Amino acid sequence: MSREEKKIMRLSMGAHGLVHLYEGVLPPLIPLLMQEFSTDYFRLGLVVTVFSYAFGLGALPAGILADKIGPRRLVTLFLFGGGATASLIFPIDSLLVYGAVMGLLGAFCSLYHPASNTLISIGIRSPGHAFGIHGIAGSLGVAIVPILSAWIGSQAGWRTPHLVYGIAGIALAFYSLTLPRFPSPSRRRPSTTGDTPAPNSKSVDAFSLVLFFLSATALGLTYKGIMTFLPVYMGQNVGLADRFSAVTLGGTFATIALLSGAGGQYLSGRLVDRYPAERVYLGSVVLGSVFVFAMAVCRGWLLLVSAVLYAFFYFSVQPTQNYLVSRYLPSHRRGLGYGVLFLLTFGVGSTAAAVAGYLADRFGLESVFWAMGGCFLASAAMVTALLLRSAGAGNSPVGDTA
């Protein structure tokens, strides 16, 4: 990698881990928040939904802006705005105000994924591998946040994790200013590094894009539904809650499970540069669905093993999704493509947080995993159709990089 590419990757990896710290700060604190605000799973699920709707809905305009003004500026805006907003949570003593500020934080976070993925797709010569490394950083953020938030919250109160992450965001924002103002994709000159040119906009396969985005939407529902209640579910069902704090226990076991997602990210990032991406995608979705259903019925150490394998296969889909966007769309439309992707996965997908909260209150936490397993199967059906269409058209992503 060139010096500029290394700086892009350092910034993207740090910011990707941070955005998932912001996203995942609440679920490990659910027992503390229920006590603080005298509330229930459904209302806390609504707070997660408010954050996630803002997180997702802002992705579409963010993607458009990334195409027009350049992605690095949006990453910097996310870091400064998100860091300042997270710090504002410290004095809050009302669930309503907390929900509103979390919504604002979600809006700043919405800038990140379309901007960063666009930056990688136009600024890195081997995007499949780069997306895998970038995904590892995000998976580590997702994995670390349950135990980190649970531990800090248990020791210093539920407000403190927000402040810690906010300060980290502001510090990283200053680092982002050391990168050059990357030109927007629409004005960037064609690569001279030997990369295969992106497909012409006239040859975009609209039906394949629809199938792809539907599959991603279904997976977005599973992500938000499972991640919202995974820490508390693990805390109640692994079997050691009588010896340790349920908050700390749930966060710890959720972190152990989610760490495997980094391995899935790395593996799929390597595979999509070598094998048809649709096949890699389908394998990850099908295997992930098996272990979601296993989580619904298993308890104790079997639950932990099922969660580890679920996380491995679920997070392995993300580099593949990012790669497929860069393959299906020309460079001057990738910001828009990533905006639509994250609008659907984080925006529409966020509906699952409130729905899962309702299911948990009405039928128990295990019902959340049965419902999310159904969404996995729906996604698998869409990816199967996408694979058959790709095979019928004779398309292969091998060597077809951004």
Simple SL model, points at 7 angstrom along Cα→Cβ for Val210 and Met34; separation in nm is 4.3 nm
For Rg and Dmax of the Cα atoms in Å the list reads (1) 19.9, 62; (2) 21.2, 74; (3) 22.6, 75; the calculated value is entry (1)
Row for the stretch 1-114, column shape: gyration tensor on C-alpha, a ≥ b ≥ c, rounded if a/c < 1.5 i.e. under 1.5, prolate if a/b over b/c, else oblate; value prolate
Quick calc: nm separation of the 7 Å Cα→Cβ label points for Val286 and Ile64 -> 4.0 nm
Extend 7 Å from the Cα of Asp361 along its Cα-to-C-beta direction; within the stretch 26-47, residues with backbone N under 14 Å of that point are 34, 38-47
Computed over the chain, the relative contact order (Cα-Cα under 8 Å, seq sep at least six) in percent reads 29 percent
In Å, the C-alpha Rg and Dmax of the stretch 52-140 are 14.6, 48
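Readers should treat all values here as calculations from the given coordinates under stated rules, not as data from a laboratory. Everything quoted here is computed from the prediction, not taken from an experiment. Ideal geometry is used to build each Cβ from the backbone, glycine not excepted, and the neighbour counts take in all protein chains shown.
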